[in-house]
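Note sheet for the following structure.
The values are calculated or read from the model by the stated rules, or taken from the named source; none is laboratory data. Model, not experiment: these values are computed from the prediction. Please note: Cβ atoms are built from the backbone with ideal geometry, for glycine as well, and neighbour counts cover all protein chains shown. Surface areas here come from the heavy atoms of the whole protein model, side chains and all, with no ligands, DNA or RNA. Shrake-Rupley method; radii C 1.70, N 1.55, O 1.52, S 1.80 Å.
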Amino acid sequence: MLDKQLAGNAFSAGADYTIADMAIFPWTARHEWHQVNLADYPNVKRWYDIINARPAVIKAWPFRT
């Protein structure tokens, strides 16, 4: 469902980074724990990589991959 939403949007709620992205990110950050290959979801992978590279995430998120 998220991959489909991100197919036409940069972020989960549209063109801008919002609290929705902040809320979803920790769930997707656990993709390896859940044995989910993000390569199977290219739009989620793109979105995940963009958020994972944000300076605030780099500073605050200890579980980055």
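For segment 2-17, backbone phi angles converted through the Karplus equation (6.51, -1.76, 1.60; θ = phi - 60°) give residue-by-residue couplings of 5, 4, 5, 4, 7, 4, x, 9, 5, 10, 4, 9, x, 7, 10, 5 Hz, Gly and Pro being listed as x.
As a fraction of the 1.4 Å probe accessible area of the chain, surface on carbon and sulfur atoms comes out at 61 percent. Given an 8 Å cut-off on Cα distances and at least 6 residues of separation, report the relative contact order of the chain as a percent. Reported relative contact order: 31 percent.
Rolling a 1.4 Å probe over the protein heavy atoms gives the chain an accessible area of 69 Å² per residue.
Assuming charge only on the beta carbon of Lys and Arg (+1) and of Asp and Glu (-1), the dipole of the chain about its Cα centre is about 160 debye to the nearest 20. The residue among Ala60, Trp27, Tyr17 whose Cα reaches farthest toward the positive pole of the charge dipole of the chain, with charges on the beta-carbon of Lys, Arg, Asp and Glu, is Ala60. Round to the nearest 0.05 the FRET efficiency obtained for Ala60 and Ala7 when R0 = 30 Å and r is the Cβ-Cβ distance. Computed FRET efficiency for Ala60 and Ala7: 0.60.
With a cut-off of 11 Å between beta carbons, the residues surrounding Val44 carry a summed charge of 0, where Lys and Arg count +1 and Asp and Glu -1. Both radii are taken from the alpha-carbon atoms of the chain; with Rh as the Kirkwood radius, Rg/Rh is 0.93.
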